[in-house]
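Student: Below: one structure in structure tokens.
Bear in mind that the values in this text are calculations on the coordinates, not laboratory data. In this text the structure is predicted, and so the values were computed from the model without any measurement. Heads up, the Cβs are rebuilt from the backbone with ideal geometry, glycines too, and the neighbour counts pull from every protein chain shown.
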Amino acid sequence: MSVEKNDIELPALIRLIDEPDEKIYRQIRLQILAFGEDALTRLENARENSFDTFAQKRLAEIIRTIQTESLHQDIAQWVLTGAGELFNGALLISRFENPGLDVAGVSRSLARIIQDVWLEMNDQMSLLDKVKVVNHILFDVHRFAATKPGATAPEHYFIQDVLENKRGSSVGLGILYLIVAQSLKLPVFGVDLPFNFVLATLDKAPARNPDAYLNAPVMFYINPVYKGMVFVRREIDRFLKESKIEINPAYYQACNNVTVIQRMVLELRSICEREGQTEKMDGFDDILGLLR
């Protein structure tokens, strides 16, 4: 979009935001939407400086529409390009809740944790010993902890909230753990186990996305809810039996980053359904459609 159109046409269209004729307004709205993200700063300034509730409502709706369309495009692109960075996927879902997310601030907080882990590791360590270092830094030094059963809320999933509050669901803590471990080239991936999102360490060379070797042998599992407790396959057998859940190979295997983010979105959607937030449910349904 040219500078001239931004400086002349867009302000003129915004001044018409209170147009009473709905048919004419729909045309104005479409023209503003065509500017995409380039229009956001002017739209937000107009909303902040307006004393007209009607105009504010229209401006807010247009802003949200542009932000949503941009988010959907970025999610589709993330999936299309292989979903190699879980951190980027987690940030995209955070943008649904907080479009103005301070990505740089989140990145700095995460980088400090990764550096703390890196300083305690060396190449002579076994994978198990490296996992113990991750556990020590996350749960002893930085004091991350799981939420109480039944007390899960959206802030226990979004990466920026987990980092700030040091509390998370199994999915929220699991994603944090995965981002830290994969940043340090550890072969740790998510396992889409019902009710309890856990992690698996693979007996293969590290890779960002395990699609190429989903059937690789699992060395051991990690439970992020219990301070990174290490366990073996028979514990999953016992859990499935006690929970009367039919055995599925997927409950034992590493999953890719798209599946991890799907799990996150499904649980967030479930919270919204429980709280009667139908608009957010619809938003998460749209995201799930892009992830499938």
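Student: Report for the stretch 86-291 the percent antiparallel among DSSP-assigned beta bridges with both residues inside it, nearest 5.
Tutor: Taking every DSSP beta bridge within the stretch 86-291, about 85 percent pair in antiparallel fashion.
Student: Subtracting the Cα-Cα distance from 0.36 nm times the residue separation, let me have the gained length for ARG15 to GLN115 in nm, one decimal. Mind showing how you got there, number by number?
Tutor: On the way: separation 100, 0.36 × 100 = 36.00 nm, distance 4.97 nm.
Full extension of this stretch gives 31.0 nm more.
Student: A further question on this structure: Using θ = phi - 60° and the Karplus relation 6.51 cos²θ - 1.76 cosθ + 1.60, list the HN-Hα couplings for the stretch 79-86 in order, rounded to whole Hz, with x at every Gly or Pro.
Tutor: Per-residue couplings from phi come out as 5, 4, 8, x, 6, x, 10, 5 Hz.
Student: Within the stretch 219-292, report the GluC sites (Glu not before Pro) that DSSP leaves as loop and that have at most 11 other Cβ atoms within 10 Å.
Tutor: Working: sites: GLU235, GLU242, GLU246, GLU267, GLU273, GLU275, GLU279; in loops: GLU246, GLU275.
Passing sites in the stretch 219-292 are GLU246.
Student: What are the semi-axes of the equivalent ellipsoid for the stretch 3-80, taken as the square roots of 5 times the Cα gyration tensor eigenvalues, largest first, in whole Å?
Tutor: Calculated on Cα positions only, the semi-axes equal 23, 14, 12 Å.
Student: Per-residue HN-Hα couplings for the stretch 149-157, Karplus 6.51 cos²θ - 1.76 cosθ + 1.60 at θ = phi - 60°, whole Hz, x for Gly and Pro?
Tutor: x, x, 10, 6, 9, x, 5, 8, 10
Student: Which lysines have a Cα lying under 28 Å from the Cα of LYS57, excluding residues fewer than 8 positions away in the same chain?
Tutor: LYS5, LYS23, LYS280
Student: Just subtract the alpha-carbon distance of ASN49 and ASP282 from 0.36 nm times their residue separation and send over the number in nm, one decimal.
Tutor: Values: separation 233, 0.36 × 233 = 83.88 nm, distance 3.04 nm.
Value of the extension gain: 80.8 nm.
Student: Which lysines, on any chain, are close to LYS244 with Cα under 27 Å apart, when same-chain ones fewer than 8 places away are left out?
Tutor: Counting by Cα, and skipping residues close in sequence, LYS244 has these lysines nearby: LYS148, LYS227.
Student: Now for a separate question. Would you calculate the separation in nanometres between label points at LYS57 and LYS244, each defined as 7 Å from the Cα along the Cα-to-beta-carbon direction?
Tutor: 4.9
Student: OK, next. Going by amide H atoms built from the backbone, whose H comes under 5 Å of the H on ARG167, apart from near neighbours?
Tutor: Close amide H contacts, sequence-distant or interchain: ALA145.
Student: Okay, moving on. Karplus couplings for the stretch 174-188 from phi (6.51 cos²θ - 1.76 cosθ + 1.60, θ = phi - 60°), rounded to Hz, Gly and Pro as x?
Tutor: Result, rounded to whole Hz: x, 5, 4, 4, 4, 4, 5, 5, 5, 5, 9, 6, 7, x, 10.
Student: What is the angle, in °, between the Cα long axis of helix 103-120 and the longest principal axis of the Cα atoms in the chain? Nearest 10 is fine, range 0 to 90.
Tutor: On a 0 to 90 degree scale, this one is about 20.
Student: Moving on to the next point. Please list the non-local residues whose amide H lies under 5 Å from the amide H of VAL198, H modeled 1.01 Å from N, same-chain partners needing a gap of 5 or more.
Tutor: VAL191, LEU193
Student: Listing TYR25, TYR221 from the residue with the fewest other Cβ atoms within 10 Å to the one with the most, what is the order?
Tutor: Details: TYR25 15, TYR221 20.
Neighbour counts put them in this order, fewest first: TYR25, TYR221.
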